[in-house]
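One structure below.
The values are calculated or read from the model by the stated rules, or taken from the named source; none is laboratory data. Here the structure is a predicted model, which is why all the values come from computation and not from measurement. Note: ideal-geometry Cβ built from the backbone for every residue, glycine included; neighbour counts use all protein chains shown. Just the protein is used for accessible areas: all its heavy atoms, side chains included, with ligands, DNA and RNA removed. Shrake-Rupley method; radii C 1.70, N 1.55, O 1.52, S 1.80 Å.
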Amino acid sequence: MTTEAEFDVRPYLDGMAGGLAGVFLSLYATDGDRLTSITAPGTASSVKIAGGAVDLPASDQVNLGGPVPKVVLTGLANPLQGGQTVSMKFTFA
């Protein structure tokens, strides 16, 4: 299953074109799930999930935030400013 969402970002690393930006978020799955990948078309050439796929236990919030972000946008197409909205696609298995 693929879900699309928009997030406000705060460039954690450099936020410059061609650079990196961390994404701080929490996920919740009522029946449990597994996040296998994330893309950010038009914003970043790839999105890295530290440690690979993330298991989402049923009815439990999983924090993918700090102090170091577990989700990082790499190869930014354009510079990002704090609070800017970025569309991302999440794939669950």
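Summary of computed values
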| item | result |
| --- | --- |
| Long-range neighbours under 7 Å by Cβ, at least six apart or interchain, first residue of a type in the set (Lys, Arg) within region 14-35, second outside any strand (DSSP E or B) | 34/53; 34/93 |
| Residue 14 modelled with pLDDT of 90 or more and among the acidic types (Asp, Glu) | no |
| Conditions (1) at pLDDT 90 or above; (2) in contact with an Asp or Glu (Cβ under 6 Å, 6 or more places away or on another chain): number failed by residue 73 | (2) |
| Residues being of a type in the set (S, T, N, Q), open to solvent by 70 Å² or more (accessible area, probe 1.4 Å) and in contact with a strand residue (DSSP E or B) (Cβ under 9 Å, 6 or more places away or on another chain) - total across region 60-83 | 3 |
